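Take a look at the structure set out below.
Here, each number is a calculation from the coordinates, and none is a lab measurement. Every value quoted in this text rests on a predicted model; they were computed, and no experiment measured them. Positions of Cβ are backbone-derived with ideal geometry, glycine not excepted, and every protein chain shown enters the neighbour counts.
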């Protein structure tokens, strides 16, 4: 049974500017198209502490694809690979490499969500579709967003199965302990030159989001590269989508590198929340996950900038965890190196101690760390 409650929630409004006419109750799952779902699942179990949940493939009647579903607290990943040559999944992987195809959003009414968004200009991806099995029924619908990324609306109020109709419980012998990841804090999309405002307008007008914060090239720049970003959020604050675009710089920015290797717009990173970032990152490093590092000098004056924190500075310095503060509190964050062969998608680990922001004070140190990696790849 899912850890998401299958009941309608009256959630408090955190983003007063959002119309929130859908409304959205949370992220249901994130589906990645990958070249080898079985091996990718082993990686996310072994390195990231996800637990096996469900499976669909030849044994369940699928002929063209196989999917493994993994879960850690409220985070669900679906890893999908094609079983035959040709077809849309193959084309997606050929164009983009492994990457996020579906950001599925949990809703009370998938038909209403489809009607509201398509009436406001969204391009239809999936008309409302009711799917049943012995455990109940789920209603799906979907719309296109930036690049080839899609949002699927999932209405699961009347479903009691392990994941979705067509999936069976997946319970292999091997499981690795959780690393303490709790939920998806935000998901970042990279779009092309001068496309940020277009897609922010899409989320505002089509989905009822409002802008939380914006960063221009003065905020997010180094000696060599720059980008711009705006953070869009729904009304209850459970869904946050920062949208990045390149900005003029002396050398090629990380956004340009992403778009070159991903072959267009797509999901750049998924930020996963934890209640103890030191324990989580220590466990991940011990399992082979590689993180960006910052020079020791970052920590010489960081407490002068952010003030008093609950944690000891020494383990944060040892792990290269970044610290920032806003009016509400502070946050701790760290970013992996790309987790795929192409320098595209990565993961952020974040622990919020009251802060609602996204680490603006860390941008320079972070981007310099990314540039060092770009230089080693010869793509700066």
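Here are the numbers for the structure shown:
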| item | result |
| --- | --- |
| Net length gained if the chain between residue 297 and residue 169 were fully extended (0.36 nm per residue, minus Cα distance) | 41.2 nm |
| Kirkwood Rh in Å, taken over all unlike Cα pairs in region 237-293 | 14.3 Å |
| P(r) of the chain over all Cα-Cα pairs, binned every 10 Å from zero, in whole percent | 5, 23, 34, 27, 9, 1, 0 |
| Relative intensity, log₁₀ I(q)/I(0), of region 24-169 from a Debye sum that treats every alpha carbon as a point, q = 0.17, 0.21 Å⁻¹ | -1.03, -1.48 |
| Helix 37-46 axis, angle to the chain major axis (alpha carbon atoms, nearest 10°) | 50 degrees |
| Three-way shape label, region 95-221, alpha-carbon gyration tensor, a/c 1.5 | oblate |
| Two-site FRET efficiency, residue 176 against residue 327, from Cβ-Cβ distance with R₀ of 35 Å, rounded to 0.05 | 0.35 |
| Per-residue Cβ neighbour rank within 10 angstrom, fewest leading, 170, 193, 106 | 193, 170, 106 |
| Value at 222 nm in deg cm²/dmol, rounded to 500, when DSSP H runs of n ≥ 4 in the chain each add -39,500 (n - 2.57) | -6500 deg cm²/dmol |
| Packing-based exposure ordering (other Cβ within 10 Å, fewest first) of 212, 62, 79 | 62, 212, 79 |
| Per-residue Cβ neighbour rank within 10 angstrom, fewest leading, 27, 157 | 157, 27 |
| Cα→Cβ-extended label distance, 7 Å offset, between residue 282 and residue 95, nm | 4.5 nm |
| Cβ-Cβ FRET estimate between residue 248 and residue 120, R0 fixed at 35 Å, reported to 0.05 | 0.60 |
| Alpha-carbon Debye profile of region 181-377, log10 I(q)/I(0) at 0.16, 0.17 Å⁻¹ | -1.08, -1.23 |
| Estimated FRET transfer efficiency (residue 337, residue 305; beta-carbon r; R0 41 Å; 0.05) | 0.95 |
| Residue among 189, 99, 288 with the largest mean-square fluctuation in a Gaussian network model of the chain, springs linking Cα atoms under 10 Å | 288 |
| Most mobile listed residue (13, 84, 230) in the chain, GNM with C-alpha springs under 10 Å | 84 |
